[in-house]
Amino acid sequence: MNSRQRFEAAVNHQEPDRPPLDYGKHIGSFHKSVYAPLRKYLGLPPGEGRVLDRMAQNMVLDEDLLQVLGIDFRWVVPNWVGVREREIDGELGYLDMWHTPHKYTEVGDYYAIAGQSLGSPELSQSDLEAFAWPDPDHPGMFIGLAEQARSWYSGTDYVVGADGIKVGVLQTAAQLRGYDKLFMDFALNPSLADALLEKITSLICEMYVNYMKVVGPYVQVVVITDDQGTQKSLMISPTMFRRFIKPNLKRVIDVIKSNTKGKVLMHCDGAIRPIIPDLIDIGVDILNPIQTVVKGLEDTLSLKVEFGKQICFHGAIDIQQFLPNATPEIVRQEVARRSHDLGEGGGFILAPCHNINRDTPLENIISLFAAGREFQSNGDKNINTLE
């Protein structure tokens, strides 16, 4: 099978020759601190060195590395627009298009959110109307993406993906308002919360309409992001999720599916098992990242049994606790276990759960992708020696 055939089989719950292998988008790439050492370890020359996600400081993966690792996907990534450089509390920083301040932190070498542009406890609906909202029709957001997507679609057999616009319904509202104030609004001022979510969702929908006009004919998968979970629970109750978030997420997904035939992949961190039926209900085709160290997602076989006929799974290789601390052989075993649990009969795309940083040994990275290339999900569950 080629990459696109492999993907089409997997997402249609048919048995591919092996699970498709993915990496290289804004939530799921190598941090800059590990990228150059990895290339050197593999005997590759220095790459272009382009940062993919300003906040996370991860990297655009050069084509030679994608080929060496055996990645089945190629991702077009929306251009960051409306970013203004700004010193924050005496540190390097910037404001994003929502005016949210981000401050550089040496611990982890990334940019952290450092305030809320709509964080006033006395926020009113008139304040929302007066706010300088981002321009969803900004001409720079998707420049060059049509040409790149068309080239991959016509000239290769890779899966062409539309990486997510760096927005989410709950995520953006919480960054603008502050998680504490937003959740209080849900309980005490629902009309204000509705107004905020309506505005954000409308802007996101318009952005995705414009995005799909550019790349929709060429992509097989489109990403949306919106974290709903912590390590141990949902951020809000299922009742509040269904009241405030679910209808707005459905609007975004409906817009995407009205403008492309591509599948919708949703990145949703945390212990979200209680709302997986809701995500299926609103049209999520592929669920990422399947964090096996959070409550309710440890048993991937039970996850497959309960939901595997209704949704596909993406990820499942933990980067928080497992990958930094395992050995190459244990990594191979983990790839075999998760591919067996989630990949029987199709429905699984193998990937690390998130960005890989300097705390992960290079040998473990190589072992992960090598095992992913060689593991067969069609009956032979043994992985040969991969080094």
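The values are calculated or read from the model by the stated rules, or taken from the named source; none is laboratory data. For clarity, every value in this text was computed on a predicted model and none was experimentally measured. Every residue, glycine as well, gets a Cβ built from its backbone with ideal geometry; the counts of neighbours run over all protein chains shown.
The single condition from (1) within 28 Å of ARG242 (Cβ to Cβ); (2) in contact with a strand residue (DSSP E or B) (Cβ under 9 Å, 6 or more places away or on another chain); (3) not hydroxyl-bearing (Ser, Thr, Tyr) that GLU129 fails is (2).
Within the range 345-354, identify whether any single residue is buried (at least 21 other Cβ atoms within 10 Å of the Cβ), without any contact (Cβ under 8 Å) to a residue 40 or more places away in the chain and either in contact with a helix residue (DSSP H, G or I) (Cβ under 7 Å, 6 or more places away or on another chain) or closer than 20 Å to LYS263 by Cβ (or both), and answer yes or no. Within the range 345-354, not a single residue is buried (at least 21 other Cβ atoms within 10 Å of the Cβ), without any contact (Cβ under 8 Å) to a residue 40 or more places away in the chain and either in contact with a helix residue (DSSP H, G or I) (Cβ under 7 Å, 6 or more places away or on another chain) or closer than 20 Å to LYS263 by Cβ (or both). Considering only the range 163-186, I want to know if a residue exists there that is among the aromatic types (Phe, Trp, Tyr), more than 30 Å from LYS261 (Cα to Cα) and touching a helix residue (DSSP H, G or I) at 6+ places or on another chain (Cβ under 6 Å). Yes - at least one qualifying residue is present in the range 163-186. Counting just the residues of the range 333-387 that are part of a loop (DSSP other than H, G, I, E, B) and of a type in the set (Lys, Arg), which one comes out modelled with the highest pLDDT? Checked the range 333-387; the qualifying residue modelled with the highest pLDDT is ARG358.
Do we have any residue at all in the range 217-230 that's assigned to a helix (DSSP H, G or I), touching a residue at least 60 places away in the same chain (Cβ under 8 Å) and either more than 16 Å from VAL252 (Cα to Cα) or touching a His at 6+ places or on another chain (Cβ under 8 Å) (or both)? There is no residue in the range 217-230 that is assigned to a helix (DSSP H, G or I), touching a residue at least 60 places away in the same chain (Cβ under 8 Å) and either more than 16 Å from VAL252 (Cα to Cα) or touching a His at 6+ places or on another chain (Cβ under 8 Å) (or both). When residues in the range 298-320 are screened for being over 28 Å from GLU8 (Cβ atoms) and within 19 Å of the chain's Cα centre (by Cα), 1 of them pass.
Table: residues versus (1) touching a Lys or Arg at 6+ places or on another chain (Cβ under 9 Å); (2) buried (at least 17 other Cβ atoms within 10 Å of the Cβ); (3) farther than 24 Å from GLY343 by Cα.
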{"site": "ALA10", "(1), (2), (3)": "no, yes, no"}
{"site": "PRO19", "(1), (2), (3)": "yes, yes, no"}
{"site": "HIS26", "(1), (2), (3)": "yes, yes, yes"}
{"site": "LEU52", "(1), (2), (3)": "yes, yes, yes"}
{"site": "VAL60", "(1), (2), (3)": "yes, yes, yes"}
{"site": "LEU65", "(1), (2), (3)": "yes, yes, yes"}
{"site": "GLY82", "(1), (2), (3)": "no, no, yes"}
{"site": "ARG86", "(1), (2), (3)": "no, no, yes"}
{"site": "HIS99", "(1), (2), (3)": "yes, yes, yes"}
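Residues in the range 109-125 that are on the phi > 0 side of the Ramachandran plot and loosely packed, with under 15 Cβ neighbours inside 10 Å: ASP109 only.
Hey, can you tell me all the residues within the range 52-71 that are of a type in the set (A, V, I, L, M), closer than 10 Å to SER29 by Cα and outside any loop (DSSP other than H, G, I, E, B)? Once the filter is applied, which keeps residues that are of a type in the set (A, V, I, L, M), closer than 10 Å to SER29 by Cα and outside any loop (DSSP other than H, G, I, E, B), the range 52-71 yields LEU52, MET59. Evaluated against (1) in contact with a Lys or Arg (Cβ under 8 Å, 6 or more places away or on another chain); (2) within 30 Å of ALA36 (Cβ to Cβ), ASN325 falls short on exactly one condition, (1).
Out of the residues in the range 28-50 that are among the small types (Gly, Ala, Ser) and either within 20 Å of the chain's Cα centre (by Cα) or at pLDDT 95 or above (or both), state the one that is surrounded by the most Cβ atoms within 10 Å (Cβ to Cβ).
GLY28
Within the range 123-133, not a single residue is of a type outside the set (D, E, K, R) and within 30 Å of VAL34 (Cβ to Cβ).
Strands (runs of 3 or more DSSP E) fully within the range 90-198 that include at least 1 residues being touching a residue at least 12 places away in the same chain (Cβ under 8 Å) and within 21 Å of the chain's Cα centre (by Cα): 101-105, 110-113, 159-162. Taking the range 237-332 and the helices (runs of 4 or more DSSP H) fully enclosed by it, the elements with 3 or more residues that are crowded, with 22+ Cβ neighbours inside 10 Å, modelled with pLDDT of 95 or more and in contact with a helix residue (DSSP H, G or I) (Cβ under 9 Å, 6 or more places away or on another chain) are at 246-259. ASP227 meets the conditions (1) out of contact with any Cys (no Cβ under 9 Å at 6 or more places or on another chain); (2) surrounded by fewer than 21 Cβ atoms within 10 Å (Cβ to Cβ) in every case but one. The failed one is (1).
Looking at the structure I just gave you, is THR100 touching a helix residue (DSSP H, G or I) at 6+ places or on another chain (Cβ under 9 Å) and not aliphatic (A, V, I, L, M)? It would help to see each step written out before you state the result.
Details: touching a helix residue (DSSP H, G or I) at 6+ places or on another chain (Cβ under 9 Å): yes; not aliphatic (A, V, I, L, M): yes.
Judged against the criteria, THR100 is a match.
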